[in-house]
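Nothing in this text is a laboratory measurement; each read-out follows from the coordinates by a stated rule. Predicted model only: the values in this text are computed from it and were never measured. Methodologically, a virtual Cβ is constructed for each residue, glycine included, from the backbone with ideal geometry; neighbour enumeration extends over all protein chains shown.
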Amino acid sequence: MKTPDYQQLISESVKDLPQSALAEIVDYIYFLRKRTFQPQAFEEELRSIMLNTELKQLSSNEEAHLEKEFEDYDKLYPRKRVRH
C-alpha cells in the first residue's frame, strides 16, 4: 500500500473552497504549527486563555452575587437626610 502524500492531498482538498473555509483552515494550520514547533509557547498561551476565561467567569459570578446581595438595599436601609 502506498503512503499518502498528505501535502498533495491537502492542496487538492482546499481547491474551490470559499474564503471563509480557507480562513478556518489557515487558523487551524497556525494552531498545529505552534503546538508542534513551539510546545512551551503553546502551553503558556493556552494556560493564559484558560485563566482569563476563568477570571471573566469569576467576575461575572461576583457581580451577580453583589447585585443579589444589594437588591433591596435602598428599601432596607433608607438614607437619612442631613440638615445643614
Report task. With a Förster radius of 41 Å, plug the Cβ-Cβ distance of L32 and H65 into 1/(1 + (r/R0)^6) and report the FRET value to the nearest 0.05. Result -> 0.50
Query raised in the report: Efficiency by 1/(1 + (r/R0)^6): what FRET value for Y77 and R47, r their Cβ-Cβ distance, R0 = 35 Å, to the nearest 0.05?
Result: 0.20
Query raised in the report: Label D5 and A23 with points 7 Å out from Cα along Cα→Cβ: what is the distance between them in nm?
Result: 3.2 nm
Query raised in the report: If you rank V82, V26 by fewest surrounding Cβ atoms within 10 Å, what's the result?
Result: V82, V26
Query raised in the report: Helix 19-37 sits at what angle to the longest principal axis of the chain, using alpha carbons and giving 0 to 90 degrees rounded to 10?
Result: 90 degrees
Report task. As a check on your grasp of the helix formula, calculate [θ] at 222 nm for the chain: sum -39500 (n - 2.57) over DSSP H runs of n ≥ 4, divide by the residue count, round to the nearest 500. Result -> -25000 deg cm²/dmol
Query raised in the report: Are there trypsin sites (Lys or Arg not before Pro) in the stretch 9-84 that DSSP puts in a loop and that have at most 16 other Cβ atoms within 10 Å, and which ones?
Result: K15, R79, K80, R81, R83
**Report entry** Cα-based helix-to-principal-axis angle, 39-69 vs the chain, degrees rounded to 10
**Finding:** 30 degrees
Query raised in the report: Near K2, which lysines are there with a Cα under 25 Å away, not counting those fewer than 8 places off in the same chain?
Result: K15
